[in-house]
Amino acid sequence: MTDTTLPPENRPELPDHLSIDARSRHHVAAVFNYDIGIRLNGKERSDVEEYCISEGWVKVPAGKTVDRTGRPLLIKIKGTVEAFYR
């Protein structure tokens, strides 16, 4: 008999500070191969652009406002941050 079970996924560990902007030094491309979820104060958020678990904040777009280069303006929201794979 052969074992047909697949080995568990070798997902990279989620960093303390992560950004979706590829120009940021906190961008880790290997993490974005998987679906990531972010909870702020117990509520799941789908609009997070950047987070820091140790400092307890997330950055989200401020409506439709953009800067002069066309990127959304971000506001920082503080609270308890949890990052996880879905």
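Tallying residues that are surrounded by 12 or more Cβ atoms within 10 Å (Cβ to Cβ) and outside any loop (DSSP other than H, G, I, E, B) within region 36-72 yields 17. Being hydrophobic (A, V, I, L, M, F, W, C), exposed (fewer than 12 other Cβ atoms within 10 Å of the Cβ) and assigned to a strand (DSSP E or B): is that true of A30 here? Here the answer is no, as A30 does not meet what is asked. Does E9 count as of a type outside the set (V, I, T), closer than 12 Å to A83 by Cα, modelled with pLDDT under 95 and part of a loop (DSSP other than H, G, I, E, B)? For E9, the condition - of a type outside the set (V, I, T), closer than 12 Å to A83 by Cα, modelled with pLDDT under 95 and part of a loop (DSSP other than H, G, I, E, B) - is not met.
The values are calculated or read from the model by the stated rules, or taken from the named source; none is laboratory data. All of these numbers come straight from a predicted model, not from anything done at the bench. Methodologically, a virtual Cβ is constructed for each residue, glycine included, from the backbone with ideal geometry; neighbour enumeration extends over all protein chains shown.
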